[in-house]
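Comments concern the structure below.
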Amino acid sequence: MMYRLAGFTGLKAQIFKISFMAIIDALLIWMFFASMAKEDSSTLSAVIAAIFFFTNLIYFAKFTLPLKFLLPGLILLITFVVVPVAYTIQMSGYVFKTGNEISKADALPQIEANGLTLDDTAPTFDLVLGKVDGKWAALLTSQVDQSVLLATEEKSVVLPAGSYRADDLGIARSTDGFDPVTEDFAANNEESIINLRFPYKDNSFISPQGIDIAAVLTQSLVYDKERDAFTDTASGITYIDNGRGNYAAESDPSMTLTPGWRAWNAFENYTKLLSDPNVRGPFIGVFIWTVSFALISVLMMFAVGLLLAVILNQKIALRRFYRSILILPYAIPSFMSILIWAGMFNRQFGAINALFGTEIDFFNSPTLAKMVILIVNLWLGFPYFYLISSGALQSIPSELEEAAAIDGANNRQIMSKIKLPLILQILSPLLIASFAFNFNNFNIIYLLTGGGPTNVLQGETAGATDILITYTYKTAFGSQEQNLGLASAISMVIFLIVGSISLWSLRRSKVLETM
Amino acid sequence: MKKRYGVASVIAAAALAASAVVGAPAQAANRTIVVWADEQRGPQLQKLIDGNTSIAPGYKIEVKFFSALDALQSAWDKSTAAGGPDVLTGPASMASAGAKSGKLSRIIPSSTLKSEIPTAGLAAMSYKGGIYGVPLDVDTTGFIWNTGLYGATAPATFADMVDYYKANKSAKGFTGGICAFEGTWGSHAVLTALGGGAWDYKGSNANYSKVLLNSSKFKANVDKYLLTDGKSNGFFQWDGCGDAFKAGKIPFGITGAWNFDGITKAGIKYGIGATPGLTASTKGAQWVNYSGAYVTSYAKDHGVDLGARKLVTQWFASTEGQLAMSQLSKRPPASKTATAKVTDPQTLAVGRAAATGTPQVSPALDNKTGGANWYDVLGGVYTDIFTKGKSADATLDAAAAILAKNFANYDATN
Amino acid sequence: MATNSLKSKKIGSHLFIWVLILFTLFPIYVVITSSFNPTGSLATSSLIPQIWSLDNYKVLFNNPAVPYLTWVENSIFLAVANAAISVFVGTASAFAFSRMRFKGRKLGLQALLLVQVFPSFLALAAIYVMMERVYTVFPAIGLGSLGGLLLIYLGGSMGVNAWLLKGYIDTIPMELDEAARIDGASSFQVFWIIFFPLAAPVLAVTALLSFIGTFNEFVLASLFLQDVHSRTVAVGLQQFVGQQFGQNWGPFAAGSLLAAIPLVILFLSLQRFIIGGLTQGATKG
């Protein structure tokens, strides 16, 4: 092997490396320019530039040998895991929910636009856009009485009948001094058209509401940049920034303008988690079930898996056959098995009820639903535990067992005093990993019970089988009203819990010291 | 030494390669209006307007459809101006949420549009006095009965149905009497037929302070028609019972246009009408919802605001557009002229049924100030009364207490 | 007495195994019979099928609304690409962690562990916004594309794979690479020529697990792949069977069965490696 390798050193390797890097660099440079050419993609450009810089630095400088191996993984991990996680953490500090989603800069023009009131006394107009003396103008035909206006940005004049040419539908198309523009031209100049305001009466103006339609509007909500406040011209109410993503009336803070925006309020979501009974109440119950679900699941799977491993480690008939069948659940994609189990537990048509001739409503009883989840999870998970226990059993030196047998220990003693502690020691990292996995086992809950049953009539907002992650999912995305800020805060709490459990147990199992 | 050459040659080669690509002239930007739709409407719209450049001259229309309404909703919830749509189509609930969050632009309806679209349709597209979309078609259910079992004439009263069910239950192996295919949403006609419902009306105005779900009339009728000795008599089914109807095991049903094909394919012959009420002259009222087309606020960022408005107000809202969509979807159109021109008998039948319906005020029904929204509360009620056999009166009172909070909150904030 | 208790123990063992086998096989039996039941709905499925037919399978291949083969192709593309690339890149990282001593190594490993336990799909909204941006510039790797989803999967599997593989590499004796180094091999050569072949069986296992994991994933995929034709089997079948189990139960069972069979074969043929592979990581983890 070494000789084959010898050919791949020196110049050849160098050329290979250089051309490989050249391709990567070319790709990155192209991506960088392509991204720079688009608006609003400075972050993306910066990311590409950073990848370019570090890739070249690391592969051409000598001092960074481990990084050469780590870099590809590191780039993927940072870009697609760490950055979203960081963004989620950041989101948890914002009022970020339905009604408060866009940025303040985007919200301002919309509040202004919402402050436009349609003048109900005035007609809507069929609009023909054009130019008068090179400036935007409009030929407007009233949809009510077919009277015609010629409007420029300075003034609008009623045209007497006969001074314009109308089409079959009675819409004025042209008049002297007015050059109609083509619809293509208008489309390509949309940005200037949407801001056109042709004066109509004292405070009202005519504004295009499409390429060939216009309406009479008044601005009833006026923005004062100095004070960062809106004033309603009709009622005189002033709305000021309430620090939580809305303009609220000075006199009555519950009166707010829409839309709001996502506003920085570092602790709002966390305090809500602690103080709002609607959130806190279910949170504690859900937390307890999450821990018990993960713990019981792991213990059950481990017990069954280990027992199976002990039995199948002996020389019994049909051993290989048994093994092949018993690891099937691990090989079948779990989303399918879960859905199939869900169908099997159906009250009316499920195979389980058909088998026993009953009509038990498994998913409507909290206790039964929990049991179903544990049973299905056992089905999904015991083969994995069988496999790892079996591997662990085989890795225990047989001398240990023989020595104990000579000392007069019986099989049961050997198992409980010698093998079990060893197996536990070997498998503890996997058991903990499994606990962490089940702690966040979204699929089984979501696909099997959807978190239910929820006794809404008793005022429950979380289901009996909801675990933290499904509860969070519901909070964030589950209904018409989503609350990303609060969901991010819950994610952070979950992260802190699972992270500290993992780190603590890792320290305890002394894995870190041997690393 | 070697290293330096390496770096230099790599950079040179890379720059050369990249500049060749970047140097290519950028394509002229064409103004494309992106329309989002779900898996049902999407293919229909694709057939009708994808690639069209004449509806809004100067703009090209592109229809993108999602694999399910859920997927559409989920993507819309998370979308930003970077990749969001210019025109969105979907249920009326999108209007209020989108308007609240500033993701939709207000539409100023022309006089013609106002006269064409029923007031209830425009109201469904409104939020705080502004209109945010145009109604496309009516989402509602009709009452259907298996003509092979019951005969060609529709039952006249609710009692007729219950009596027929009880008399033939064992002989024909019925697993239920009436099936609300669409669960709690679809079951509304049954509630209203029995004197229940969400909120009361004063004339044509909703009176949100009076919840009907625990009215004494409704309590009495639940007991009379749906229960036997406090337990469900099996007549009312709402959970996954559609298959049983298709198998001829349930004689009556409530569903919409989207299920008709499937029922016909299953070999069931059926009539369509309004849900029979307590007397021959009263009918149950189903939810009537509208789907709409909305101009998003992203359209302005993409420079297609005017085109998107034109598409929405002058094609989606037009008689021609609504008829074309209705022909493919079998849903009754929203505009008056288009409704008058519908010829398809099924669409007509559902359209007529819709006339007796109740406007579905989604923000009120989705409100969950009391802890859960209308649909979840109703699901709890059905489970408790019909599956678990709990006291109907107490259950309805508990439910009404939650709903009263929801509706009061909606009423106060709107 | 002794033989008696031994005998009863043996009977007990067999009994336990047979109960477990019935438990294991029951759902599998239900899927198989449902998939051949011509009426195709849960309501009309029975434990012992009366008629056998291939109708449900025909739906998968003849119904344009159910582009099953396209879904399978998408799933296989994602699963294979993710398995291959993530194992390769992950091994490189694991190699560095296992064989090299550098500043921040321990910290790096701990950070890796922590990143893994973050409920990453709760970062869904963040990922969506990010990939939406990417889409506007590079549609092929942005929102809605298989390429973009692959990148996200790759990022997500880095942590797990690096940890698992580090455990395996630790079990390969140091002497081998020392000898190679004396022969003048560079680190890259040691990695490529010594480790890759030696670790091949465990790499295969990691790849297989990665493959199955990708095949199973549906939360990210259902948000990300919005078009009917870019869906994966998991998303396609899940949305197809829908909230109401009744209607498409038969085709769902057929689709699941077809998708599971190759996986099961792959799994059974590799089972010997899997047992070794799974624990090796742990014993030295």
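The values are calculated or read from the model by the stated rules, or taken from the named source; none is laboratory data. As the structure is a computational prediction, the values presented were derived from the model and not from experiment. Here the Cβ is made from the backbone with ideal geometry for all residues, glycine too, and neighbour counts use every protein chain on show. Note: areas computed on protein heavy atoms with side chains; ligands, DNA, RNA excluded. Shrake-Rupley method; radii C 1.70, N 1.55, O 1.52, S 1.80 Å.
Among C:59, C:87, C:137, the largest mean-square fluctuation in a Gaussian network model of chain C (Cα springs under 10 Å) belongs to C:137. Sorting the segments A:428-438, A:331-341 by their mean number of nearby beta carbons within 10 angstrom, highest to lowest, gives A:331-341, A:428-438.
Would you mind pulling out the separation of the Cα centroids of the stretch C:136-168 and the stretch C:76-105, in Å? Each part's Cα centre sits 12 Å from the other's.
Of C:24, C:206, C:171, the residue with the greatest mean-square motion in the GNM of chain C, using alpha carbon springs below 10 Å, is C:24.
Only helices at least 18 Å long along their own axis, judged from Cα atoms, and with Kyte-Doolittle mean hydropathy of 1.0 or greater: name those in chain C from DSSP H. Qualifying helices, which must be both long enough and hydrophobic enough, are C:2-36, C:68-99, C:105-117, C:124-137, C:200-216, C:249-269. Electrostatic bookkeeping for residue B:364 treats Lys and Arg as +1 and Asp and Glu as -1; over the other residues with beta carbon under 12 Å from its beta carbon, the sum is 0.
Shielding of peptide A:360-372 by partners, expressed as the average count of other chain Cβ atoms within 10 Å per residue Cβ, is 1.
The mean count of C-beta atoms from other chains within 10 Å of the C-beta of residues in B:37-44, rounded to a whole number, is 1.
Once the Cα atoms are used to define both axes, helix A:468-477 deviates from the longest principal axis of chain A by about 10 degrees.
In deg cm²/dmol, rounded to 500, what helix-only [θ] at 222 nm does the protein assembly as shown give when every DSSP H run of at least 4 residues adds -39500 (n - 2.57) and the total is split over its residues? Counting only the DSSP helices, I get -17000 deg cm²/dmol. Diffusion coefficient (Stokes-Einstein, Kirkwood radius over C-alpha pairs, 20 °C, 1.002 mPa s) for the stretch A:363-515: 115 µm²/s, rounded to a whole number.
Partner lysines whose Cα lies under 21 Å from the Cα of residue A:68, excluding those fewer than 8 positions away in the same chain, are identified as A:12, A:17, B:2, B:3, C:103, C:106, C:166. Charging the Cβ of each Asp and Glu at -1 and of each Lys and Arg at +1, and nothing else, the dipole of the stretch A:266-362 about its Cα centre rounds to 600 debye. Rolling a 1.4 Å probe across the protein heavy atoms gives the protein assembly as shown an accessible surface of 42 Å² per residue.
Within a straight-line Cα-Cα reach of under 24 Å, residue B:405 can be paired with the following lysines, leaving aside sequence neighbours fewer than 8 residues apart in one chain: A:97, A:272, A:474, B:100, B:128, B:202, B:210, B:217, B:219, B:368, B:390.
Comparing B:297, B:79, B:362 in a Gaussian network model of chain B (Cα springs below 10 Å), the most mobile by mean-square fluctuation is B:79.
Ignoring ligands, DNA and RNA and using a 1.4 Å probe, state the total buried accessible area between B and A in Å², rounded to the nearest 100. Let's see the in-between values first.
Details: alone 18720 and 31040 Å², together 44560 Å².
It comes to approximately 5200 Å² buried between B and A.
Taking a straight Cα-Cα cut-off under 24 Å and skipping sequence neighbours fewer than 8 places away in the same chain, the lysines within cross-link reach of residue A:201 are A:131, A:135, A:155, B:114. Given an 8 Å cut-off on Cα distances and at least 6 residues of separation, report the relative contact order of the stretch B:311-403 as a percent. So the answer I get is 16 percent. Computed 3J(HN,Hα) for the stretch A:389-399, one whole-Hz value per residue from the Karplus formula 6.51 cos²θ - 1.76 cosθ + 1.60 where θ = phi - 60°, is 5, 4, x, 5, 4, 5, 7, 7, x, 5, 4, glycine and proline marked x. From most to least packed by mean Cβ count within 10 Å, the peptides A:147-155, C:232-240 give C:232-240, A:147-155. Taking the accessible area of the protein assembly as shown, probe 1.4 Å, and keeping the other protein chains in place, the carbon and sulfur fraction comes to 61%. Summarising the amide proton neighbourhood of residue A:211: residues at separation of 5 or more, or on other chains, whose placed amide H is nearer than 5 Å comprise B:310.
Compute for chains C and A the buried accessible surface, both sides summed, probe 1.4 Å, and express it in Å² to the nearest 100.
Working: alone 16940 and 31040 Å², together 38790 Å².
Chains C and A together bury approximately 9200 Å².
Reported to the nearest whole Å, the Cα centre-to-centre distance from the stretch B:280-300 to the stretch A:454-473 is 30. Normalised by residue number, the volume inside the convex hull of the Cα atoms of the protein assembly as shown is 207 Å³ per residue. To the nearest ten degrees, helix A:420-439 and the longest principal axis of the Cα atoms of chain A are 10 degrees apart.
At a probe radius of 1.4 Å, figure out the C/B buried accessible area, summed over both chains, and give it in Å² to the nearest 100. Provide the component values of the computation, followed by the final result.
On the way: alone 16940 and 18720 Å², together 34150 Å².
Counting protein atoms only, the buried area is about 1500 Å².
Contact order normalised by length for chain A, with contacts defined as Cα pairs under 8 Å and 6 or more residues apart; what percent is it?
Values: 665 pairs, mean separation 71.3, N = 515.
Result for chain A is 14 percent.
Ordering A:412-425, A:68-81, A:343-356 by mean Cβ neighbour count within 10 Å, with the highest value first, yields A:68-81, A:343-356, A:412-425. In this structure, residue B:375 and residue C:272 have a Cβ-Cβ separation that, at R0 = 51 Å, corresponds to a calculated FRET efficiency of about 0.45. Structural descriptor for chain B: relative contact order 23 percent, calculated from alpha carbon pairs under 8 angstrom and at least 6 residues apart. Taking the longest Cα principal axis of chain B as reference, the axis of helix B:319-329 is set at about 70 degrees. Taking every residue in B:69-79 and counting other chain Cβ atoms within 10 Å of its Cβ, the average works out to 5.
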